[in-house]
Amino acid sequence: MILVDSSVWIDLLRKKSTPQIQRLRDLLQYNQAAVAPVIYQEILQGASSHENFTRLREYFSSLPFILPLDPIGTYENAGELYARCRRSGITPRSPHDCLIACIAIEHGVPLLHDDRDFEAIARVEPRLFLAGIQEVI
């Protein structure tokens with residue numbers, strides 16, 4: 001299972017062609033692409049209409065979800081990771097990225113993304129494993 005960030009899902013919905021999109025297509029073929037609740041929220045909040053929201057909800061709610069292990073502790077860990085990043089001279093553009101990173105770390109799953117913030121977060125938190133785009137499932 002690989003946690004797929006909204007940056008990749010959104011590119012897929014926009015019909016972009018990137019190595020991450022090809023990797024996502026492979027993951028979907030083998031039912032190995034997962035979302036976290038915060039990623040689901042990020043996707044839904046971009047809906048351009050009520051009809052689009054409904055279509056997105058129907059599709060994405062059918063995917064495997066990776067949930068925070070602790071309803072409080074996971075968020076504490078995300079806040080601590082964000083603070084460590086800032087102390088290291090890195091300010092992630094979205095605190096959601098630290099939450100996504102913590103969920104991936106908790107579950108020991110790789111994260112597929114197209115967002116430079118995750119590269120920076122991984123320098124501060126080496127337990128964050130970023131999925132390679134060339135790997136075979």
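The values are calculated or read from the model by the stated rules, or taken from the named source; none is laboratory data. Only a predicted model underlies this, so the values are computations on that prediction, with no experimental measurement involved. Cβ atoms come from the backbone with ideal geometry, glycine included; neighbour counts cover every protein chain shown.
Identify all residues within the stretch 2-32 that are among the aliphatic types (A, V, I, L, M) and within 15 Å of G132 (Cβ to Cβ); write none if there are none. Scanning the stretch 2-32 gives I2, L3, V4, V8, I21, L24, L27. Out of I66, I121, I100, one residue alone is surrounded by 15 or more Cβ atoms within 10 Å (Cβ to Cβ), touching a His at 6+ places or on another chain (Cβ under 6 Å) and more than 15 Å from I10 (Cα to Cα). It is I66. Could you say whether any residue in the stretch 39-47 is assigned to a loop (DSSP other than H, G, I, E, B) and either touching a residue at least 60 places away in the same chain (Cβ under 8 Å) or under 19 Å from V109 (Cα atoms) (or both)? No, the conditions are met nowhere in the stretch 39-47. Can you tell me which condition F53 does not meet? The list is (1) in a helix (DSSP H, G or I); (2) touching a residue at least 12 places away in the same chain (Cβ under 8 Å); (3) not charged (D, E, K, R), and all the others hold. Unmet condition: (2). Residues in the stretch 8-55 that are of a type in the set (G, A, S) and in contact with a helix residue (DSSP H, G or I) (Cβ under 8 Å, 6 or more places away or on another chain) were compared, and the one that is nearest to D117 (Cα to Cα) is A36.
Close contacts from the stretch 58-75, counting a first residue that is at pLDDT 95 or above and a second that is small (G, A, S) and part of a loop (DSSP other than H, G, I, E, B), with Cβ to Cβ under 9 Å and a gap of 6+ residues or different chains, come to F65/A36; I66/A36; L67/A36; P68/A36.
If you check E80 against the conditions, is it in a helix (DSSP H, G or I), of a type outside the set (F, W, Y), surrounded by 16 or more Cβ atoms within 10 Å (Cβ to Cβ) and without any contact (Cβ under 8 Å) to a residue 60 or more places away in the chain? When the stated conditions are applied, E80 does not pass them. Taken over the stretch 3-38, the residue count meeting the criterion of being in a helix (DSSP H, G or I) and among the basic types (K, R) is 2. Out of A104, A120, A131, one residue alone is touching a Pro at 6+ places or on another chain (Cβ under 8 Å), under 19 Å from L27 (Cα atoms) and modelled with pLDDT of 95 or more. It is A104.
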